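Only one structure is covered here, and it is reproduced in the block below.
The values are calculated or read from the model by the stated rules, or taken from the named source; none is laboratory data. None of the values given here were measured: they were computed from a predicted structure. As a convention, Cβ positions derive from the backbone with ideal geometry for all residues, glycine included, and neighbour counts pool all protein chains shown.
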Amino acid sequence: MKLLAQSRSLSYKAKRNGDIILRQEARRLRNLARYELKRYQQSRLTQQLKERNVPSECSTIFWSKTKRHFRTTSSSLRGFILPNDEIIKEPQAMVDTAADYYETLFEAPVVIRPHPYVDAPNTQCVNVSEPIPLVTYPENHGILPDNQSGFRAGHRLQTRVLLLIEQISSYMSNSSPVATVFVDFKSAFDQLWFEGCLGKLCRMGIPSVYAKWIQAWLNDRQATIEIQ
């Protein structure tokens, strides 16, 4: 408090007299007072943390400030409602159901390649040399979301990131469990070393369940980028 008073006094004098040296000294004292105040607050917090479980004045102050951030009630996940209207509440059954549901999302796609079953000659199309028109119906009718996905033209990557942040914030505001994995592929998809990427994610502390999901999604998967 003494340093702050001296700083204010010198600041007023420098403002009246226009003295640059007094102004610099007042700024130095003000910064010194802020540094000492911050160090004092940190020392008080450290002392309160050490004595939080000991009957003392510091523990009383600590818990009186901490309990303001406690909620009287908190929402929790108590069960799952299956498509057949069955409700499961056992923890192990809930975990198995969630794992089965999300693992299906990362399965390899089933590609069906039709082939002719008869020896008939190929059908000659009149417009075989004409270019395929761009499909704009989903975009014109608002079926596709207004964000980047699959190298769409006219959309930036920031739109996809903002959508992800909005979804995470929405789940957190509803007290829903949120698990997010951020993976940055710095090179082309076909040049990425999958085993090395998974090993690095495991070393960084990612749960093994998430690593298995990513592994199931990467195995036997290809991507093609056409540049015109």
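Observations
- Whichever residue in the stretch 149-175 is in a loop (DSSP other than H, G, I, E, B) and surrounded by 11 or more Cβ atoms within 10 Å (Cβ to Cβ) and, among such residues, is nearest to the chain's Cα centre (by Cα): S175
- When residues of the stretch 182-228 are limited to those that are modelled with pLDDT of 80 or more and assigned to a loop (DSSP other than H, G, I, E, B), the one farthest from E103 (Cα to Cα): M204
- Within the stretch 16-52, the set of residues being in contact with a helix residue (DSSP H, G or I) (Cβ under 8 Å, 6 or more places away or on another chain) and not in a helix (DSSP H, G or I) comprises D19, E51, R52.
- Residue that is nearest to A98 (Cα to Cα) [pool: residues in the stretch 53-76 that are modelled with pLDDT under 70, part of a loop (DSSP other than H, G, I, E, B) and not hydroxyl-bearing (S, T, Y)]: R71
- The residue that is modelled with the lowest pLDDT, among those in the stretch 86-106 that are surrounded by 10 or more Cβ atoms within 10 Å (Cβ to Cβ) and acidic (D, E), is E103.
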